[in-house]
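The values are calculated or read from the model by the stated rules, or taken from the named source; none is laboratory data. The structure presented is a predicted model; accordingly, all values stated were derived computationally and were not measured. Quick reminder, even Gly has a Cβ in these numbers, built from the backbone with ideal geometry, and neighbours come from all protein chains shown.
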Amino acid sequence: MPDQKDTVRQTVYGYSPNTEREAADRRLILNYLDSGRDALTRDDPAAHFTASAWVTDPSRSSVLMAYHNIYRSWAWLGGHADGDGDLAAVAFREAVEETGIDRLRFLCKGPVSLEVLNVSAHIKNGEIVSPHLHFNLTYLFEADPLLPLKVKEDENSAVGWRTEAQIMAETEEAQIIPVYEKLLAAMKRY
């Protein structure tokens, strides 16, 4: 049975990049893994793995997002791997924790997006978090928009379904706009 790091390596290695940026980011992630550093946990303050959930409704007209307390903006769902090499399970778990919806359906087997994200310095739980990188993989899910939502108050102040127009109008982080464009396109293919 492969260990958690091998599981992540297989997932990243098996991912077929859709853009030149994804190909470059994939190479960086694989090089980091080859260096022997443990990016699967937050013990490495320079870079670590995260997994995200892009949750769409059946009509593919809206996406379930949370209003993130740290960044003060609407954002996709997700979080840190924290040692779990099954990034699909991490994405699922984070989506459930952040929205209260536990009836999510995977729309495809593997990740639909891979990127290295720059995280700015910020304060979390009263502690300073230095700038670092997130090695992120995103998984595509579908959920019923009529299911009740629940806010995870220590991370988010709202949860709701956002249209493509709202997502693009409300996204203020320049590095996230091409990622969201990529994910909006991906959800329409399934």
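Candidates are the residues of the range 40-56 that are surrounded by 24 or more Cβ atoms within 10 Å (Cβ to Cβ) and among the small types (Gly, Ala, Ser); the one that is nearest to LEU107 (Cα to Cα) is ALA53.
In summary, TYR180 fulfils each of the numbered conditions (1) exposed (fewer than 13 other Cβ atoms within 10 Å of the Cβ); (2) modelled with pLDDT of 95 or more with the single exception of condition (1).
The residues of the range 146-158 that are within 20 Å of the chain's Cα centre (by Cα) and either of a type in the set (D, E, K, R) or not in a strand (DSSP E or B) (or both), listed by number, are LEU149, LYS150, VAL151, LYS152, GLU153, ASP154, GLU155.
A count restricted to the range 169-190 and to residues that are more than 23 Å from ARG105 (Cβ to Cβ), in contact with a Ser or Thr (Cβ under 8 Å, 6 or more places away or on another chain) and of a type in the set (D, E, K, R) stands at 3.
GLY78 meets the conditions (1) in contact (Cβ under 8 Å) with a residue 12 or more places away in the chain; (2) surrounded by fewer than 16 Cβ atoms within 10 Å (Cβ to Cβ) in every case but one. The failed one is (2). For the range 28-56, filtered to residues that are in contact (Cβ under 8 Å) with a residue 60 or more places away in the chain and polar (S, T, N, Q), the residue that is nearest to VAL179 (Cα to Cα) is SER52. Identify, by number, the condition in (1) part of a strand (DSSP E or B); (2) out of contact with any Pro (no Cβ under 8 Å at 6 or more places or on another chain) that TYR139 doesn't meet. Result: TYR139 fails condition (2) only. Note on the range 57-74: residues that are free of Cβ contacts under 8 Å to residues at least 24 places away in the same chain and surrounded by 23 or more Cβ atoms within 10 Å (Cβ to Cβ) amount to 0. Reported count of residues in the range 1-14, each being out of contact with any helix residue (DSSP H, G or I) (no Cβ under 6 Å at 6 or more places or on another chain) and either of a type in the set (D, E, K, R) or not in a helix (DSSP H, G or I) (or both), is 5.
Here is a yes/no grid of residues against (1) surrounded by fewer than 22 Cβ atoms within 10 Å (Cβ to Cβ); (2) over 24 Å from ARG26 (Cα atoms); (3) at pLDDT 95 or above:
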residue	(1), (2), (3)
ALA88	yes, no, yes
PHE92	yes, no, yes
GLU98	no, yes, yes
ASP102	yes, yes, no
LYS109	yes, no, no
HIS122	yes, yes, no
ILE128	yes, yes, no
PHE135	no, no, yes
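Residues satisfying the criterion are present in the range 36-47 (criterion: at pLDDT 95 or above and either of a type outside the set (Asp, Glu) or on the phi < 0 side of the Ramachandran plot (or both)).
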